[in-house]
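See structure below.
The values are calculated or read from the model by the stated rules, or taken from the named source; none is laboratory data. Keep in mind the model is a prediction, meaning the values are calculated, not measured. Here the Cβ is made from the backbone with ideal geometry for all residues, glycine too, and neighbour counts use every protein chain on show. Just the protein is used for accessible areas: all its heavy atoms, side chains included, with ligands, DNA and RNA removed. Shrake-Rupley method; radii C 1.70, N 1.55, O 1.52, S 1.80 Å.
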Amino acid sequence: MQAELPALPADLFDAEAFRLALTDGSTVPVCKHAIAHTTEALHERFRQGEDIHHLIHWRALFVDALLQGLWQQANWRGSDIALVAVGGYGRGELHPASDIDLLFLLPGEEPPPEGVLEAFLTQLWDIGLQVGHSVRTVEECAQQGAADITVLTNMMEARLLCGCARLFSDMQAAIGPDRLWPSAEFFAAKLAEQQARHGKFADTEYNLEPNVKSSPGGLRDVQLIGWVAQRHYGVNNLEELQGDTFLSDEELQMLNSGREFMWQVRYALHMITGREEDRLLFDHQRELAKLWGCEDSDERLAVEQFMQVYYRWAMALGQLNDVAMRNFDQAILHPDSAAQQIEVDEDFVLNNGYLDAREDDLFHRKPEALLRIFLVCAQREEIKDVGAPTLRLLREGSALIDDAFRADHVNQKTFLEILRAPVRVAQQLRRMSRTGILGRYLPEFGVIVGQMQHDLFHAYTVDAHTLEVVKHMRRFHYPESQERFPITCRVAKRLPRPELLYIAGLYHDIGKGRGGDHSELGAVDAAHFCRRHGLNQVDSNLVVWLVRNHLLMSGVAQRKDISDPDVIQQFASHVSDQLHLDYLFVLTVADINATNPDLWNAWRATLMRQLYTETTRALRRGLENPIDKQELIDNTRRTAMNLLQDRGFLPEEVDAIWEGGGEDYFLREKAEDIAWHTESIAAHGNTDAPLVLAKPGNESGFEGATQIFVHAAGRSLLFATICAELEQLDLSVQDARIYSSGTGRSLDTFFVLDSSGASISDDTGRLRHICGHLTNALLDDGENYGEIVQRRTPRQMQSFPLPTVTQLVVDESKQLSVLEVSAPDRPGLLARVGTVFARYGIDLQAAKIQTLGERVEDVFFITDRAGNPIADPTLCEQIQADIRELLDVRSNSES
């Protein structure tokens, strides 16, 4: 599908002067100079705001002039041969670094003069053109087009540059729909091709680093509309369909505007990278934000502002593609579907599984139908989706949703009924979002549409994440989720009012991008929603509490010592009852899983399960009856002693090993693990050699993670050395517990996963290797650990050079200091923090490790050598300054 190309301005490129310059024999330098000069001139016009249509068409015309000039120089000796532009170049759309796709069309009866074609191609490569070419006869074009629809599509956009016009005409006739790939087959094949392409991008426009050409909502989606229209309707451009039922005037305008934006982005990517780069990588996003004039504000970064514009255009183009594909489906594959209508009710009919409005003026006559259509979709399982004509009516009718519409009790009741539907709730919300209805009905949701969060932790935009949260909440009701989320599924199914959970899910992040605490801002919006929809005070209070506290449970599970009864008691007091705990638990699990597909693992599942079950016990026991910590310690000691006595140990033998050990060991470790440690230490004997053990964490109640136990002589760099070695072994520390015995030896427990977040517990050979490697490393002095960590930081993480942030406070109740470190995730981070501890004589009691995309948020519980908290303000600041300097210097050296 080709547009009429604008004339190439003479001040941009003088084709006649170029042809004259070629006659002096200096072909390569003349062409290279012309390419460099014209490219820079086009770039300057781009920076000055020139119409992007002109720029990409002018570049195509410039390359036309180059090729035609060189073609005339070649000695074709009267041979009938045609030079044809195909693909994007054939459309007359050429971006700065796009491939120049050429077809050399040969007559069937005689080959071209020997060596001339090869010499012509060599000349094109010598002058620096990125040429993709094929050499075929007309018959071969037909054969290969029939065999490969991609080849056919490429040739459909052919444009004759030089040579035999008859051959070109014969080729066009040979690949027409009357000879091969009739429109129905063509559409079905291209639709399958698009579905496969979208699948590579998780079927969403909202990828962190989208491909402006191939991602959903990208240029390829626009091109597909043109290809199918060309094949079925025989049009040369989409403007010929204007006013047709296929494409309304408004849709054509939106399609053209969206394509222009994507063209601008693609042109800019090629310009700033100097190559055919169609991926909006993080670094490129920041550069494009500057080109678009975006600036950082207190609420949002410039890059987030630019990407919101991108995502909104991608969503708009994706919606237009949806409408077009459904129109094609009904017009091409099911032309008789109108005769097979099934009546649904007085307003809607079913056409081949698609729900359509009976009359085009339905939404103007009955605006309440703008919401009711989604309730009908949720109630009828035979409905595949909303039909293309009605999608258009929905988009046009969304403007009818105003304050009066939102205040109408009928519409409020309908929206709540959608949330209360037994099935397909999340699907309806997504449909409402894609048609713009959800953002109009909930204006606060409309603000976050396309709003990105510029980090690796959040895989989706805020609106996409929100809908993913509700989708996960719904999945907890389905049998296929039972195996992965056994407790969550049981809890979700017993929630008395699931719609309250969905409302909390819709509002939990809705305050993002405004500045301030998004949980508090969201709670205000949620309270307004509840009042507007007539929820009673009890239900409203629950929704608002959930939104305000949606980060609480994950924070406690991943940043606090949940083996400590005091932590459980404080958390139980905050949630106050089982109902609040159940709702918060399901919301938290859904939120984690909807943030990033890689975030949920067996370790996080274990932490959440442990916090939930321990809090449930505390609530059943009664908040007025907190567990006695000393009683818990004594019970653990007794149970471990009984286990060891059953294995033939005498009490005095056990006491000798336990002598001098602190109570934290018996508070935080399970009796079975204590018995395992004790028996292994006894078997190891009185040698000074380190003891390293490993076993699957599920044997200790921590599914997925592997427990590594180290019993070694205490020394300042022990923690740093162990962490460095574990990282060298491609392991990621999730939790560390450090204890000192009365004999001057350290008892350290680490829970680890593979660096990818996978479990290694079933790999017995790897566990043996870990133990041997660590043992050998600890026999050394450990001073050279810094040279051990040599893995490079991944490219995406290098795109986020965030400064290290620290906080050091005293926990008076536990009489220790709590150090929080937020920093870019880098190889060797834990080991380097350990060297600072060694430098200042700090004893590490425990560590909680949390990786959030490109950054880590680690918590270290520390004391001085005497076991006291670090209280000197000057010393506290110096420790933090050293950590910040060490980690930031390392980060900057890799960027």
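Some notes on this structure:
- Close pairs (8 angstrom Cβ cut-off, 6 or more residues apart or separate chains): under 16 Å from Q453 (Cβ atoms) in the stretch 199-214, open to solvent by 30 Å² or more (accessible area, probe 1.4 Å) and among the charged types (D, E, K, R) anywhere: E209/R279; P210/R279
- Number of the exception - T466 against (1) over 18 Å from R300 (Cα atoms); (2) surrounded by fewer than 21 Cβ atoms within 10 Å (Cβ to Cβ); (3) not aliphatic (A, V, I, L, M): (2)
- Here I56, I35, I127 are screened, and the one residue that is β-branched (V, I, T), in contact (Cβ under 8 Å) with a residue 12 or more places away in the chain and buried (at least 20 other Cβ atoms within 10 Å of the Cβ) is I56.
- The stretch 375-390: number of residues that are open to solvent by 20 Å² or more (accessible area, probe 1.4 Å) and touching a residue at least 40 places away in the same chain (Cβ under 8 Å): 4
- Criterion (modelled with pLDDT of 85 or more and open to solvent by less than 20 Å² (accessible area, probe 1.4 Å)) met by exactly one of A871, A831, A881, A847: A831
- Some residue of the stretch 499-507 being open to solvent by 30 Å² or more (accessible area, probe 1.4 Å) and not charged (D, E, K, R): no
- Taken over the stretch 407-437, the residue count meeting the criterion of being closer than 22 Å to R365 by Cβ and either more than 33 Å from the chain's Cα centre (by Cα) or not charged (D, E, K, R) (or both) is 14.
- Criterion: aliphatic (A, V, I, L, M), over 30 Å from the mean Cα position of the chain (by Cα) and assigned to a loop (DSSP other than H, G, I, E, B) - qualifying residue of V235, V228: V235
- Residues in the stretch 242-255 that are touching a residue at least 12 places away in the same chain (Cβ under 8 Å) and surrounded by fewer than 19 Cβ atoms within 10 Å (Cβ to Cβ): T245, S248, E250, L252, M254.
- Candidates Q319, Q308, Q285: the one that is open to solvent by 20 Å² or more (accessible area, probe 1.4 Å), in a helix (DSSP H, G or I) and either within 30 Å of G515 (Cβ to Cβ) or modelled with pLDDT under 95 (or both) is Q319.
- Within the stretch 469-496, restricting attention to residues that are surrounded by fewer than 16 Cβ atoms within 10 Å (Cβ to Cβ) and of a type in the set (K, R), the residue that is nearest to the chain's Cα centre (by Cα) is R484.
- In the stretch 69-78, the residues that are of a type in the set (G, A, S) and open to solvent by less than 20 Å² (accessible area, probe 1.4 Å): G69
- Enumeration of residues in the stretch 207-218 that are more than 14 Å from E277 (Cα to Cα) and surrounded by fewer than 24 Cβ atoms within 10 Å (Cβ to Cβ): N207, L208
- Residue-level check: of (1) out of contact with any Pro (no Cβ under 9 Å at 6 or more places or on another chain); (2) free of Cβ contacts under 8 Å to residues at least 40 places away in the same chain; (3) open to solvent by 20 Å² or more (accessible area, probe 1.4 Å), L362 misses just (3).
- Residue within the stretch 205-219 that is over 26 Å from L394 (Cα atoms), under 20 Å from the mean Cα position of the chain (by Cα) and of a type in the set (D, E, K, R) present: yes
- Residue within the stretch 407-414 that is under 24 Å from A331 (Cβ atoms) and surrounded by 19 or more Cβ atoms within 10 Å (Cβ to Cβ) present: no
- Considered as a group, the residues in the stretch 665-692 that are part of a helix (DSSP H, G or I) and of a type in the set (G, A, S) include one that is farthest from L632 (Cα to Cα), and that residue is A683.
- Among the conditions (1) modelled with pLDDT of 80 or more; (2) surrounded by 16 or more Cβ atoms within 10 Å (Cβ to Cβ); (3) not in a strand (DSSP E or B), the only one that S813 does not satisfy is (2).
- The number of residues in the stretch 117-151 that are part of a helix (DSSP H, G or I) and over 28 Å from F62 (Cβ atoms) comes to 10.
- In the condition set (1) open to solvent by less than 60 Å² (accessible area, probe 1.4 Å); (2) assigned to a helix (DSSP H, G or I), E277 is compliant with all but (2).
- Number of the condition not met by D735 [criteria: (1) modelled with pLDDT of 75 or more; (2) loosely packed, with under 14 Cβ neighbours inside 10 Å]: (2)
- Tally, over the stretch 543-567, of residues that are open to solvent by less than 10 Å² (accessible area, probe 1.4 Å) and assigned to a helix (DSSP H, G or I): 5
- Residue in the stretch 738-777 that is farthest from F837 (Cα to Cα), counting only those that are open to solvent by less than 10 Å² (accessible area, probe 1.4 Å) and β-branched (V, I, T): I760
- Contact map, the stretch 420-442: first residue closer than 17 Å to F529 by Cα, second residue in a loop (DSSP other than H, G, I, E, B) and modelled with pLDDT of 95 or more, Cβ cut-off under 9 Å, separation 6 or more or different chains; pairs are R420/R497; I437/I401; R440/I401; R440/D402; Y441/I401; L442/I510.
- Residue match in the stretch 396-405 (condition: within 32 Å of the chain's Cα centre (by Cα), open to solvent by 10 Å² or more (accessible area, probe 1.4 Å) and of a type in the set (S, T, Y)): yes
- Of all the residues in the stretch 402-459, those that are assigned to a loop (DSSP other than H, G, I, E, B) and either hydroxyl-bearing (S, T, Y) or within 17 Å of A526 (Cα to Cα) (or both) number 3.
- Flag for I373 being assigned to a loop (DSSP other than H, G, I, E, B), touching a helix residue (DSSP H, G or I) at 6+ places or on another chain (Cβ under 9 Å) and within 21 Å of Q330 (Cβ to Cβ): no
Yes or no, residue by residue, for (1) modelled with pLDDT under 95; (2) not small (G, A, S):
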{"site": "P96", "(1), (2)": "no, yes"}
{"site": "P112", "(1), (2)": "yes, yes"}
{"site": "G163", "(1), (2)": "yes, no"}
{"site": "G176", "(1), (2)": "yes, no"}
{"site": "P182", "(1), (2)": "yes, yes"}
